[in-house]
Structures are given as structure tokens and as C-alpha cells.
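The values are calculated or read from the model by the stated rules, or taken from the named source; none is laboratory data. Here the structure is a predicted model, which means the values were calculated and not measured. Neighbour counts are summed over all protein chains in view; Cβ atoms, including those assigned to glycine, are modelled from backbone coordinates with ideal geometry.
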Amino acid sequence: MAAIQFKTESKRLLDLMIHSVYTNREIFLRELISNASDAIDKLYYRALTDPTVGLNRDDFGISIIIDKEKRTITLSDTGCGMSKEELETNLGTIAQSGSLEFKNENEAKEDIDIIGQFGVGFYSAFMVSSCLTVVSRAYGSDQAFQWESEGAEGYSIINCSKDTIGTDIILKIKDNVGEENYDEFLDEYRIKSLVKKYSDYIRYPIRMDIEKRRLKEGSEKEYESYNETEILNSMVPIWRKNKNELTDEDYNNFYQDKFYDYESPLRIIHSSTEGTATYNALLFIPARTPYNYYSKEYEKGLQLYSNGVLIMDKCSDLLPDHFSFVRGLVDSQDLSLNISREILQHDRQLKLISKSLEKKIKSELMEMLDKDRDKYNEFFKSFGLQLKFGIYNGYGANKELLKSLIMFYSSSEKNLVTFAEYIGRMPEEQKYIYYAAGESIERIEGLPQTELVKDKGFEILYITDDVDEFALQILHEYDGKEFKSVSSGDLGLESEEEKKSAEKQAEDYKELFSFMKESLNGKVKEVRLSPRLKSHPVCLTSDGALSLEMEKILNAIPNDNNVKADRVLEINANHPIFEMLNKLFKDDKDKLKTYSEILYTQALLIEGIAIDDPVSFSNSVCNLMADKM
Ligand code: ADP
């Protein structure tokens, strides 16, 4: 047999393939079945368009025969077959499959990755075979040819005979060497499960004889074995089925099986889209946060199929980070099977699909929000944090998309509400969307700062997650209404007249407040009359963009730069303590100093900020109690 050399590039890749230690060898079967299915597609199409072909749907199929003794797997198809020339060009060079282009741009280190991730079609069979024989007879020809190769050294082609049109591929399975065991590929059940796993949706039947046992006729304990031909694939993938053919149970089973969740999903999104991006998608929102979801270990991504053939298990480019909780798959005929991960990232089609998916997921979430609020609440408990991060991340690049999906606890509704709902309830005179930050709902509920805003009948959003205030600052406004912390400078609650009288009051007590500020020794930027307190004596607020809550969060992140909010101690002019302060300012400045300290420390405690000297605070309070001041 005269061996013909493979082209240089092909030889290099083949070398790699043959010596690949890649654990995912099993994908060879998917590759061969996919080729067989393509070949059938071609002839089937011809049969459909040309009645003289004289074949119908039932004539098409794929069969697998395992011969354990000879260590062979024979994969036969009733497809279009290959002529001698086609065997030469198609199987003589790997350049055919498009992987060569990739190879030229990349260094050898990535070679293994191509093989591992995507296989390179037909040649992946060399990962498990010591010899490959292809016997093929093209449609319209009486002559068949046999192509054979033992690997990188080259191949041979000879004439042979074959009764039917189509192709047989005979894989001589490698002998086991050391740790490398190839016997699994000669096991019928293993092959059956591989077909189920990767090629279940191939549209033509994949048949295999499976050895079974039954009681011998007339006997009650003697068994005999017999062969039964099984069709291994269901032929229709669930995502290509019509929605109304499918029950919730079908979806749930599929989801739990495929995505290893023991719970049914919270929501199922099954869609088929045509247009700039054509694809079928079957997506799931899990019922619960995966245990590693908010950690680095969590890997986002969807399964990616090209026309029913799995090409990637977790394609991360299909999902934006803010929707990383979505699981499921996408099947598109617009993607080539042999596409590498690197190329995929820049694939225009993939980008279109991912944009379209993002829209779809958003609209499904909106629908859930509008029509199934209990479920949405459940969803938000699990993944709301991710959405809020999504608003903050990337300098707000996705804020428009996400802002209508987020919710916060409302002071008036005692429940999670959206911004739109909040605005819908706003009295006409209310200028801002108010929020209050704190450790917990209970804690915020008691904050003195919320007093006057509530008293006006205005709703307040309670924010408790670290990211919240940062997200609100990035958003800045919703529907033209600015967000306003109840602790920020001007709350917009006073009329012009009230403002004027407050200014006058401030002028009147200027000296008192500057004395108090001095006694606090740089701890506050200012002491002033409070525009937000009604019954409480004091509170602490901040001037400028950095709030006390943000200061806490930023300082909890381990780094050197301690940030400090501009603290303002606010005093309620209507509280009896105010009169006392004025009195002390005239009569006993030393005592006023101590009072200032105590008031400031109380304000810190209310804010949940650690105090520097609790012992001195406690002593001051006790002295006060014992009337020893
Ligand atoms: P790809 O399928 O990506 O083109 P392959 O290396 O798997 O790359 O196959 C190369 C070519 O060989 C195919 O494009 C097809 O034309 C031909 N081929 C492979 N298997 C078969 C088959 N079973 N029947 C007919 N043609 C085949």
C-alpha cells in the first residue's frame, strides 16, 4: 500500500491528537455522528427534491456495531458517501474543517485546547483509535473506496466494494497502555450513554444492538442472552419541541438532570428566535442561590449547541455578569461546530445571540415582576444582590437595563417595592426618592433621621446591603426623581419661609455651635440645628457625597487608605436639651464640653458606629446620673 503523506499542518495537528492526554476523548463519537448526520442531511435533501433518488425518511439512519474481540467500533451511515477525490480532499487534510486558520494564528500551546474543547471533526477519532478505516460509496457511483490511516504517517486509498450508498467508519480501538484504558469505548452501555449525552437530538435514528438477557422459554431460572436493536437517541431535543407538547415535569426533569439541581427551577424560559440572530434557547432561573454563587468559584455560562450538536458546556460569553444566575442552553444553526473558544469570543453571531438573550431574560423578569410577584420576591431574595452589583459595576454601564428590576424595602409598604411603584405613590409636593441606610430594617426603622420625612407622609426605602448606596449613587435618579439619603444635607422638606427662619436661628446660635464644635476637637465638621428631627435630641449626618454608611463599608475593605465622611452633629431645637445647652453656654462652659461629648457619642451609637472611648462615656453618664457634674 503506497502511503500518501498528510499535508504538513495536518501532520502536526494529528501528532498532537494522537498523543493527546486529554480526558475528553469521548467527544470523538459526537464528531463522527455529527458528520454522519450531515452526510445524511445532504442525501435526504436530494431525495426530497428529486423523486428519482427513490429514498424516503425511513431509509436514513446511523448504526453502531461494537466488536469486542476485534476491538472495533463501526459507525455506518446512509448518507451521501464520498468519492475517491472527496476522500482525498476531505480526509487528507485537516485544513478543511477550519481549524487550520485558527492554528496559524496561535502558538502550539493552544493546540491541546482546540482538541479538548471542540475536537477537530473526523480526526478526533485518532484519540481513541490506532487505525481508522473509512469505506465509502458516493451517491450515483457503483464503485466504493477504502481510505485507511494509522495516524500521522499518512494514509492509503484503495478500491473496494460496498453494497449500499454511504459511509462506514471502522475504529480500531487502541490497546490499553498503563493508566490509559480504552476498553470503556467497547462497552455498549458506555457508548449508549455517550450518544444520549452528546447526540440525543440527532434527527436520524442511531441504532445499536444491545445484548440483553431473558428467561429461557419454559425455564424459571435459566437465562439466555439475545440482541435487541435499540434506537439510542430521542431524535428531537426538548428545546426544539413545541412548548404545548411539553409539561412542567418534562422541563423539570430535563433541568434537574442536565444542570444537577435537586430542585425544580423557579422559572423556565423557552424561546425560539428568528431574525438577526436565529436560535432556540431553553433557560432556567434556579429556585435557590447556588452555594458558591457569590464567590469566585462560580462559573457562569450556557451550554452552546450548533444545530443540535453540543460544542461547549459553559459558554460564558452568552451571559452578562448581571444575569449569571441563568442556566440552560442555546442552539443555533448560525454557529460552526468547529469553532474555538478564542474565536467564539469575537464571533459576531454569538454577540447577537447574547444581546438578544439579555433582552429576553430582562423581559421575562419584568413579566414575573408584574404578574407573579411572590415568585419575583423569591427570585430577588436569591439574586437581587447580583442585579444591584450589576448596576454599580462598570460605572453604571448596565444601569438602564437593570434599574426597573431592583427593589428595596419600603417604610410604608413594609415590603419590597420597585422605584416605579414608589414614584407612582409619591405626593405631588415630594421632590426626591428618599432612602435610609443601615445594618438592618429594624435598625433603620428606629433612626432619628427618618422622623420628619416619615412625618410628612413620605415613603422611605431602607437599604441594607453594602452595594446599595453605591448603586443608588450611580443611578442618581429614576424617572427624573433624584435619590436622597435621609441623612444628607438638604432634604427639600422646608418651605422658603421655614428655610429663612432656620437660617436666622442658625445665626442666633452660631456661637453656641462653634463652641460645641471646638469642644469636640475636630471630630465633626460642624454642629448645627437639625432640619430632620422632630422628637429625638440628636443625630449624626454627613456633608458631601460620602455617607457614614459608605464610610463604614469602605473602611471594612482591608487597605491602607482610611476614608472619612464629613460628620455633622445635628441638634433638635425643639428638644428640652437644647434649652439646657443654651443655659450651659452662659453659665457653665466646662459642663457644656462634657455634654457635647455625650451627645456626640450618643449620635455615634445610634448610627451603629464604634465609639473610641466607651469607658469615659460610661463615666460621664454615671456622673450625670449621680448629679456629680
Ligand atoms: P467538518 O465536519 O468540520 O467539515 P471533518 O474533519 O469532520 O470536518 O470532516 C471533513 C469532511 O469530510 C466533511 O466536511 C465531509 O465533507 C466529509 N465527511 C466526514 N465524514 C463523512 C461521512 N460520514 N460521510 C460523508 N462525508 C463525510
Just to be sure I understand the filter: pairs with C-beta atoms under 6 Å, separated by 6 or more residues or on different chains, first member in the range 39-61 and outside the structural domain of Gly79 (by TED's automatic domain parsing), second member surrounded by 10 or more Cβ atoms within 10 Å (Cβ to Cβ) and of a type outside the set (A, V, I, L, M, F, W, C). Which pairs pass? none
Looking at (1) within 42 Å of the chain's Cα centre (by Cα); (2) at pLDDT 95 or above, which one does Val120 not meet, given that it meets all the others? (2)
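For the range 55-72, which residues satisfy the criterion of being within 14 Å of the ligand (Cβ to nearest atom) and either within 21 Å of Asn227 (Cα to Cα) or part of a strand (DSSP E or B) (or both)? Break it down stepwise before answering.
First pass over the range 55-72, keeping only residues within 14 Å of the ligand (Cβ to nearest atom): 60-64.
Gly61, Ile62, Ser63, Ile64 - these are the residues of the range 55-72 that are within 14 Å of the ligand (Cβ to nearest atom) and either within 21 Å of Asn227 (Cα to Cα) or part of a strand (DSSP E or B) (or both).
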Can you tell me which of (1) in a helix (DSSP H, G or I); (2) within 16 Å of the ligand (Cβ to nearest atom); (3) of a type in the set (S, T, N, Q) is the one Thr52 doesn't meet? (2)
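Among the candidates Thr78, Thr167, Thr89, single out the residue that is near the ligand (Cβ under 9 Å from one of its atoms) and at pLDDT 90 or above. Can you show your working first?
Details: Thr78 fails: near the ligand (Cβ under 9 Å from one of its atoms); Thr89 fails: at pLDDT 90 or above.
Among Thr78, Thr167, Thr89, only Thr167 is near the ligand (Cβ under 9 Å from one of its atoms) and at pLDDT 90 or above.
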Does Gln386 satisfy the condition of being in contact (Cβ under 8 Å) with a residue 12 or more places away in the chain and closer than 30 Å to Ser272 by Cα? yes
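Sort out which residues of the range 603-629 are outside any helix (DSSP H, G or I) and of a type in the set (D, E, K, R), and write them in order of number. Spell out the reasoning first.
Kept after step one, since they are outside any helix (DSSP H, G or I), are these residues of the range 603-629: 608-613, 626-629.
The answer is Asp612, Asp613, Asp627, Lys628.
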Does the range 518-545 hold any residues that are under 19 Å from Ile606 (Cβ atoms), touching an Asp or Glu at 6+ places or on another chain (Cβ under 8 Å) and not in a strand (DSSP E or B), and which are they? Leu520, Lys525, Ser530, Pro531, Arg532, Leu533, Lys534, Ser535, His536
Considering only helices (runs of 4 or more DSSP H) wholly within the range 372-441, the ones with at least 3 residues that are of a type in the set (Val, Ile, Thr) and closer than 25 Å to Glu358 by Cβ are none
Could you check how many residues of the range 442-457 are under 15 Å from Glu429 (Cβ atoms) and among the hydrophobic types (A, V, I, L, M, F, W, C)? 2
Can you find a residue in the range 26-47 that is out of contact with any helix residue (DSSP H, G or I) (no Cβ under 6 Å at 6 or more places or on another chain), away from the ligand (no atom under 16 Å from the Cβ), more than 17 Å from Lys192 (Cα to Cα) and at pLDDT below 95? no
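Would the range 305-322 turn up any residue that is in contact with a Pro (Cβ under 9 Å, 6 or more places away or on another chain), of a type in the set (Phe, Trp, Tyr) and farther than 26 Å from Glu31 by Cα?
no
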Within the range 131-152, can you find the residues that are within 14 Å of the ligand (Cβ to nearest atom) and assigned to a loop (DSSP other than H, G, I, E, B)? Ala138, Tyr139, Gly140, Ser141
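Given the options Ser440, Ser382, name the one that is in contact with a Pro (Cβ under 8 Å, 6 or more places away or on another chain) and surrounded by fewer than 21 Cβ atoms within 10 Å (Cβ to Cβ). Spell out the reasoning first.
Working: Ser440 fails: in contact with a Pro (Cβ under 8 Å, 6 or more places away or on another chain).
The conditions single out Ser382.
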